[in-house]
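One structure below.
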Amino acid sequence: MSKVSEDARKKYLETIKDYKKAIEDIENREKMILQVLEKDSTGAEFKKLRLAEENLNLLSYYVLMNNLSVSLLGVKNQGYLDEARKLCYKFLIYLEQVVTATIDGPFSDYQDKVDLISSYDYTDRWRLTTKMGLALQLVLTAYGDNTKWKWTFVELEARYATVVKNLINLKTLFQDMDPNAEGYDTKMAHLELTRKLLDQAANRYREKYELSTLRFDDFRLAIKYLGALRYIYLSINKSVDADNIKRKMEIWQAKLESDLKRKDIAAKQ
């Protein structure tokens, strides 16, 4: 790798100066919001939605500064990349605090949380959903295919799928599928993405189990995400699709039990 010239380094630092100031401003706003929350929890769920948005903006600056490092200096800035990755967890945690991290439990388990943000417009939910997806994709792309964090991103993508699902009011979902209902296209786009993400999360956890960890917890999570997908189909009266997912769950569960039994036998020998 060629040495970075001093001129190139100076140009890079000058280019990112305004971005670093923007990062400082965002971090100060976050501190202020957290201080307000500590004193008064009124409207906490909306403040946390705001905090998630702020951290998504923060993440975008770190990714941008890394990309500029690649283009101007010819090297990745690992520090900035790692900050962006940590912010993925941070914005997800804020959203999990709003709509919970429930994967395959019934909607009644977290309906009270979703009801608290009933005034949060469906277009804003979709905008937040797509913004999260873009942020995660930017971080994954910046790290590249050969990163040591490859299997860690399975968890991030799955947790993203969970909050995307939990932003949907499953109690009203079927009636929202009326083509004449307000915001029909946006709601259907949100639903379709949710189905895709849940299926992806299940398959990726199965892949992680088979190719990396051999941890039974990963396989159990794969099955849980299938369960979440089945619940979505049941919520929109897609009984055939729900039955197909149920059969797939049964096959995966049988595989898991077989693997558990095989490990138990090996341990006793």
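Data overview
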item: Fewest-first ranking of Glu27, Glu6, using other Cβ atoms within 10 Å as the exposure measure; result: Glu6, Glu27
item: Over the range 129-194, equivalent-ellipsoid semi-axes from the Cα gyration tensor in Å; result: 31, 12, 7
item: D (Stokes-Einstein, µm²/s), Kirkwood Cα radius, the range 147-269, 0.692 mPa s at 37 °C; result: 208
item: Part-to-part distance (alpha-carbon centres) for the range 235-259 and the range 19-48, which is given in Å; result: 42
item: Cα-derived Rg to Rh of the range 34-191, Kirkwood definition; result: 1.02
item: Simple Cβ-charge dipole of the chain, Lys/Arg +1 and Asp/Glu -1, about Cα centre, in debye nearest 20; result: 940
item: C-alpha long axis of helix 216-235 to longest principal axis of the chain, angle in °; result: 70
item: Debye intensity ratio I(q)/I(0), log10, the chain, q values 0.08, 0.17 Å⁻¹ (C-alpha model); result: -0.41, -1.31
item: Per-peptide average of other Cβ atoms within 10 Å, ordering 15-25, 42-52, 99-109, 259-269 highest first; result: 42-52, 99-109, 15-25, 259-269
item: Likely footprinting exposure, Arg127, Arg204, fewest C-beta neighbours within 10 Å first; result: Arg127, Arg204
item: Least to most buried among Met249, Met177 (fewest other Cβ within 10 Å first); result: Met177, Met249
item: q = 0.14, 0.15, 0.23 Å⁻¹: log10 I(q)/I(0) that the Debye formula gives for the range 1-103, counting C-alpha atoms only; result: -0.63, -0.69, -1.17
item: Spatial separation of Cα centroids for the range 145-167 and the range 56-97, in angstrom; result: 15
item: Dipole of the chain [Lys/Arg +1, Asp/Glu -1 at C-beta], most positive-end residue of Ser71, Ser41, Thr15; result: Ser71
item: Residue among Leu256, Val164, Ala101 farthest towards the positive dipole end of the chain, charges placed on Cβ; result: Leu256
item: Cross-link table Lys48/Lys148; Lys90/Lys246; Lys131/Lys196; Lys196/Lys248, entries beyond 22 Å C-alpha to C-alpha; result: Lys48/Lys148; Lys90/Lys246
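The numbers here are math on the coordinates, done by the rules we state, and not lab data. As the structure is a prediction and not an experimental result, all values here were calculated from the model. Positions of Cβ are backbone-derived with ideal geometry, glycine not excepted, and every protein chain shown enters the neighbour counts.
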